[in-house]
Amino acid sequence: MKLVGKILGLALIWFGVWAFFIEVLQIQGIDYTNHYIITTVFFLLVITGLTSAFREQIGHYIEKFTPRDLLIVSVFSAVMALIYFLVNLFFVEPLGISTASYPFVLRIQESFLVSKAFEIMFQQAFFIICVYYLFNKNVAGWKNVLLFGIFTFSLHIPVLFVPNAMGKTLLLSSFFAGVIFSYCITKFKKGFLYSFMIHYAFYVLLGAAYWVGFAEYVRFLI
């Protein structure tokens with residue numbers, strides 16, 4: 001029963017954040033590119049709340065950043081920005097799909113890079129809390145890693161009902177994301193940093209691929 005209570009409590013946090021973003025902010029025309037500062041501030045406030053309420057749990061997996069970590073993040077961010085710049089430079093409009101039907105989570109705009117980064121930081125902080133409570137601070141063995149993948153898959157099922165959100169793609173990838181993130185977070189000293197970069201690169205590279213014509217071949221997943 002304790003495990004069920006933990007799952008329900010964590011699910012309440014997850015769905016509460018997304019319900020507010022989708023049912024309140026997006027209805028007002030606020031998303032990753034339109035009024036993106038508001039979106040950024042929203043996720044920043046959520047991150048602040050989580051890190052304050054779960055300081056010990058999050059701190060269990062995150063070491064102090066070093067100058068080398070800052071350099072890695074800086075180079076990584078520059079590469080992601082460069083990809084967006086080059087795609088914008090050579091492809092003004094997406095190939096094989098109309099702009100109107102293009103998934104809002106993959107818009108090729110610089111503002112997306114900012115707001116999406118904070119959204120992903122929220123998700124990573126949330127996943128750390130989940131690992132701490134659901135697996136007693138550690139994902140031991142592939143069985144638990146796969147179970148966490150199933151857990152993240154379950155959390156993403158409602159995205160199928162969000163219009164123009166690329167729901168099938170996100171749902172299918174969420175299982176593998178849960179496996180990768182939980183492994184990185186618990187098996188590497190800088191696991192949070194690695195999982196954040198993998199998560200962020202996924203959206204940037206997928207957005208670039210869709211924009212230059214990839215969507216034409218996997219339209220059924222959008």
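Read-outs: derived from the displayed coordinates by stated rules, not from any lab. The structure presented is a predicted model; accordingly, all values stated were derived computationally and were not measured. Cβ placement follows ideal geometry from the backbone for every residue including glycine, while neighbour counts extend to all protein chains displayed.
Remarks
- Where only DSSP H runs of four or more residues are counted, the chain gives -22500 deg cm²/dmol as its mean residue ellipticity at 222 nm, each run worth -39500 (n - 2.57).
- A straight line joining the Cα centroids of the range 1-76 and the range 153-197 runs 14 Å.
- Within the shell defined by Cβ-Cβ distances under 15 Å, the residues around Ile37 carry a net charge of -2, with Lys and Arg each +1 and Asp and Glu each -1.
- Met166, Met197 arranged by Cβ crowding within 10 Å, fewest neighbours leading: Met197, Met166
- Counted by Cβ distance under 15 Å from Ile72, the other residues give a net charge of +2, where Lys and Arg count +1 and Asp and Glu count -1.
- Cβ-based exposure ranking for Lys6, Lys190, in which fewest neighbours within 10 Å come first: Lys6, Lys190
- Mean separation of Cα contacts under 8 Å, 6 or more apart, over the residue count of the chain: relative contact order %: 29
- Note on the chain: Cα convex hull, mean projected area over all directions, 12.4 nm².
- Going from the residue with the fewest nearby Cβ atoms within 10 Å to the one with the most, Glu119, Glu110, Glu23 rank Glu23, Glu110, Glu119.
- Cα-based helix-to-principal-axis angle, 67-90 vs the chain, degrees rounded to 10: 30
- Gaussian network model of the chain, Cα within-10 Å springs - most flexible of Ser182, Ser195, Ser111: Ser111
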